[in-house]
């Protein structure tokens, strides 16, 4: 199983685990994207290690190539000095390094191809995670809107059953009754005050007539005596 196949399996396992536990989609989506980025960071480390291996193989290949050239130069020098024995030994060394160079070149080219594929896969993974992050924000917005619509619907349904309005009407009737009772109490108090004032007015009126009568009697008596 390749690196990215393992990452895909980890993502699926994490998503299924979160789905089984999740009660809040927003928290779940944030957690999924967080774990994706954590896996992406680990994948980048693996790709970096693969690139380092490719560079090491390239360096070893170039080193062996330089050795091939060096021993070929030495063989040519031995030939110039008419020393066939040294020339043969130098050519034998050249051939050894050439064989190693050929092997390193093959491994380097394979590693380079693998690194190129890993880089492309990494870029694709980054794009997918970026897309997932954008979709996450969209999904969270849709979830919040759906939740708000549900709450509004439940509120409206609760109000449509009449209980809230009936309670409101009862309270209105109760307040109206209290106002009526208060008005009646004021009116009764005013009526009592009027009755009391009328009684005192009668008393004052009776006193005035008595005074008038006494004055009249005194006047008549004075006239009689005259």
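Only the coordinates and a few stated rules stand behind these numbers; no lab work does. Computed from a predicted model, the values in this text were never measured in an experiment. With ideal geometry, Cβ positions are generated from the backbone for all residues, glycine too; neighbour counts draw on all protein chains shown.
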- Task: Could you tell me which of rounded, prolate or oblate describes segment 17-112, using a ≥ b ≥ c as the square roots of the eigenvalues of the alpha-carbon gyration tensor, with rounded for a/c under 1.5 and, failing that, prolate when a/b is larger than b/c and oblate otherwise?
- Result: prolate
- Note on the structure: Rounded to the nearest Å, the spacing of the alpha-carbon centers of segment 76-128 and segment 24-47 is 40 Å
- Message: Can you order the peptides 121-130, 101-110, 147-156 by their average number of other Cβ atoms within 10 Å per residue, highest first?
- Response: 101-110, 121-130, 147-156
